[in-house]
Amino acid sequence: MLAGIAAHARRRRDPKDPVDTPLLEQRPAVGETRGIALFCHGGTVASLEPPRERALSVARIKAIEQFVHGTAAERGIATALVRYRLAGWNGEAADAYQDVRWSLEHLREEHGRDVPIVLVGHSMGGRAALRAGGESQVTAVCALAPWTPPGEPVMHLRDQTVAILHGRGDRWVPPRLSAEFGVRARRAGARVARFTLPGGHSMLRRAHHWHTFTRDVVLAGAGLEPMRADIATALRQASPEGLAVPL
């Protein structure tokens, strides 16, 4: 179970005020759009409420999205941040995953079906991004402290590039979950590199490392830069070395 995020579903939303679709906040590339980074924020295990506007999970992924756009837009990277309909994953409904799939289709319709898309997700958003990693046009997944419970699907990630970064002191989503996920994903044929660094779940400690790691994965995933040397090395290394690289 997602340690520390074991909230249960609260009251249902007022049926007179439904949330039918996610919200997609976009920032354009400078000039031609050569790649898109879709950012997916965290949430909770079960909730039928919309995410809080000032939730830390939203604020942190938005800060990373702003950094990536500010440092990569001139290279042709557009960014998009999906705001989910509901704050919870909600069991088999997998609402965040469904919202990411909706966002991907929206981006395809707007930008065409030949623009590479890199998925970036934190916590529950990491789970949603990894779950959507086999979708068309997705060329890489950057999973930040992802919530990957035992049994999370991996077969769809065959031949996909997955870069994981997890804080060694994370008490909300234990780092062992992403380590175990990385092992299973590699066995399924995914190219996985996993890094760890000091700090917890909020990505506040050594924030610049979280930001630059994400930016570099996005640029490489979009085919605009070679993969950063340490990540490229980890992708080639056998397990467990390539799945426990200190950053």
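Could you check how many percent of all C-alpha pairs in the chain are farther apart than 25 Å? Can you show the working numbers first?
Details: 10803 of 30381 pairs.
Taking all Cα-Cα pairs of the chain, the fraction more than 25 Å apart is 36 percent.
Per 10 Å bin, what is the whole-percent P(r) computed from every C-alpha pair distance within segment 137-220?
Taking all Cα pairs of segment 137-220, the binned fractions are 19, 50, 29, 2 percent.
Cα gyration tensor of segment 117-156, axes a ≥ b ≥ c as square roots of the eigenvalues: rounded (a/c below 1.5), prolate (a/b > b/c) or oblate? Present the calculation step by step, with values, prior to reporting the outcome.
Values: a/c = 2.73, a/b = 1.26, b/c = 2.16.
In terms of gyration-tensor shape, oblate.
Which of Asp170, Asp230, Asp114 comes first, and how do the rest follow, when ranked by fewest Cβ neighbours within 10 Å?
Ordered from fewest to most neighbouring Cβ atoms within 10 Å, Asp170, Asp230, Asp114 come out as Asp114, Asp230, Asp170.
Rounded to the nearest 20 Debye, what is the dipole magnitude of the chain about its Cα centre when Lys and Arg each give +1 and Asp and Glu each give -1 at the C-beta?
The calculation lands at about 720 debye.
Taking neighbour counts of Cβ atoms within 10 Å as a proxy for exposure, in what order, fewest first, do Met124, Met227 appear?
Listing Met124, Met227 from fewest to most nearby Cβ atoms yields Met227, Met124.
To the nearest 500 deg cm²/dmol, what mean residue ellipticity at 222 nm is calculated for the chain from DSSP H runs of n ≥ 4 alone, each contributing -39,500 (n - 2.57), summed and divided by the residues?
Per the formula, -10000 deg cm²/dmol.
Go through segment 100-148 and name the trypsin sites (Lys or Arg not before Pro) that are in a DSSP coil and have 14 or fewer other Cβ atoms within 10 Å of their Cβ.
Arg113
In segment 191-238, what trypsin sites (Lys or Arg not before Pro) fall in a loop by DSSP, with at most 16 other Cβ atoms inside 10 Å?
On the way: sites: Arg191, Arg194, Arg205, Arg206, Arg215, Arg228, Arg236; in loops: Arg205, Arg206, Arg228.
Passing both the DSSP loop test and the Cβ count: Arg205, Arg206.
Give the value in nm², to one decimal: projected area of the alpha carbon convex hull of segment 48-167, averaged over all directions.
Average projection, Cα convex hull of segment 48-167: 7.9 nm².
Sort Val118, Val58 so the one with the fewest other Cβ atoms within 10 Å of its own Cβ comes first.
Listed from fewest to most nearby Cβ atoms, that is Val58, Val118.
Read-outs: derived from the displayed coordinates by stated rules, not from any lab. Values in this document were obtained by computation on a predicted structure and should not be read as measured data. For neighbour counting, all protein chains shown are included, and Cβ atoms are generated from backbone atoms with ideal geometry for every residue, glycine included.
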